[in-house]
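**Student:** Before anything else, here's the structure in question.
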Ligand SMILES: Cc1cc2nc3c(=O)[nH]c(=O)nc-3n(C[C@H](O)[C@H](O)[C@H](O)COP(=O)(O)OP(=O)(O)OC[C@H]3O[C@@H](n4cnc5c(N)ncnc54)[C@H](O)[C@@H]3O)c2cc1C
C-alpha cells in the first residue's frame, strides 16, 4: 500500500488576472442591460460589471463560463463532490482499474488521513500519542483491505467484484467541470467549517488559488 496527500490541479488555463474570462461574461451580461457601449478594452469595465452582477445576485451570467479541476482525494470525499448535480464528472474507475497490475505499482493507493485529522474540529486538539494510535489502527485496516483485494484477484475475481473490500480511503482521481456559479455554490458549502475536514483540505487551498487568479469571481467567499 502507498499513502498519498490529497490535492488538486486546475486544468483550465486562466488568463492574467482572469481578465479575458471577465470580459467574456461582460460581453454576454451587457446584452441584458443594453450597455455594451460601456465596455472598455483595458478590462476595467469588465471587473466592475461582473462585481455588480455578483453583488446584486445576477449570478446566472456566471453560467457562461467553465472551469475544470482534477481532484486527487479519497473515495469518501469524491462521493460528496459528485452530489453537485450541476457539475460534470470523470472519475477513475474501480471497475476497470486493476491495482494488482504493474502499471498501478501492484498496490492500492490511499489518501493519508493526517491532513484531515489536522482540520477536524474535535481531533485537532488531540495529543500526538492518541493521534498516532488512531493512525496505526487505520494503517492496519488499509493493509488488510489491500491484502484481501489482492487475494480475491489472485483467486480469479474481476476488479469490479474485488473492489467491494476497498475502503473510503482509497485514492481516486476525479475531474470536475462546472461554471463559476456552480463553483461559487460548491465553495460556499465545501469550505465551511461544517464540511468534511478532508474536503476542506483540498477546497480551501483551491479557493485561495482561484481568489488569486479570478479575484472578482471568488474573493467575496470567506473561509473561517
Ligand atoms: C455540510 C454538509 C452536510 C451534508 N450532509 C448530507 C447528508 O447527511 N446526507 C445527504 O444525502 N447529503 C448531504 N449533503 C449533501 C447535500 O444534501 C447536497 O446534495 C450537496 O451539498 C449538493 O448541494 P447543492 O444541491 O446545493 O448542489 P448542486 O446539486 O450542485 O446544485 C446547485 C444548485 O442548483 C439548484 N438546484 C439543483 N438541483 C435542484 C433541484 N432539483 N431543484 C431546485 N434547485 C436545484 C440549487 O440552488 C442548488 O444549490 C451534505 C452537504 C453538506 C455541505
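The values are calculated or read from the model by the stated rules, or taken from the named source; none is laboratory data. On a predicted model such as this, the values are computed, not experimentally measured, just so you know. As a convention, Cβ positions derive from the backbone with ideal geometry for all residues, glycine included, and neighbour counts pool all protein chains shown.
**Student:** Just need a number here: residues in the range 194-209 that are buried (at least 17 other Cβ atoms within 10 Å of the Cβ), within 11 Å of the ligand (Cβ to nearest atom) and either farther than 12 Å from residue 74 by Cβ or free of Cβ contacts under 8 Å to residues at least 24 places away in the same chain (or both).
**Tutor:** Final tally of qualifying residues: 3.
**Student:** Examine the range 169-177 for a residue that is free of Cβ contacts under 8 Å to residues at least 24 places away in the same chain and either closer than 30 Å to residue 15 by Cα or more than 16 Å from the ligand (Cβ to nearest atom) (or both), and state whether such a residue exists.
**Tutor:** No, the range 169-177 contains no residue that is free of Cβ contacts under 8 Å to residues at least 24 places away in the same chain and either closer than 30 Å to residue 15 by Cα or more than 16 Å from the ligand (Cβ to nearest atom) (or both).
**Student:** Residue 123 - would you say it is over 12 Å from residue 163 (Cα atoms) and either in the same structural domain as residue 197 (by TED's automatic domain parsing) or touching a helix residue (DSSP H, G or I) at 6+ places or on another chain (Cβ under 6 Å) (or both)?
**Tutor:** It is true that residue 123 is over 12 Å from residue 163 (Cα atoms) and either in the same structural domain as residue 197 (by TED's automatic domain parsing) or touching a helix residue (DSSP H, G or I) at 6+ places or on another chain (Cβ under 6 Å) (or both).
**Student:** Given the conditions (1) within 15 Å of the ligand (Cβ to nearest atom); (2) under 24 Å from residue 136 (Cβ atoms), which single one is not true for residue 114?
**Tutor:** So the condition that residue 114 fails would be (1).
**Student:** Could you list, in sequence order, all residues of the range 8-21 that are in contact with a strand residue (DSSP E or B) (Cβ under 6 Å, 6 or more places away or on another chain) and assigned to a loop (DSSP other than H, G, I, E, B)? Outline the logic, then answer.
**Tutor:** Initial filter on the range 8-21 (in contact with a strand residue (DSSP E or B) (Cβ under 6 Å, 6 or more places away or on another chain)): 8-12.
Passing the criteria: 11, 12.
**Student:** For the range 166-193, name all the residues that are buried (at least 17 other Cβ atoms within 10 Å of the Cβ) and under 22 Å from residue 4 (Cβ atoms).
**Tutor:** Correct list: 166, 167, 169, 170, 171, 172, 174, 176, 190, 191.
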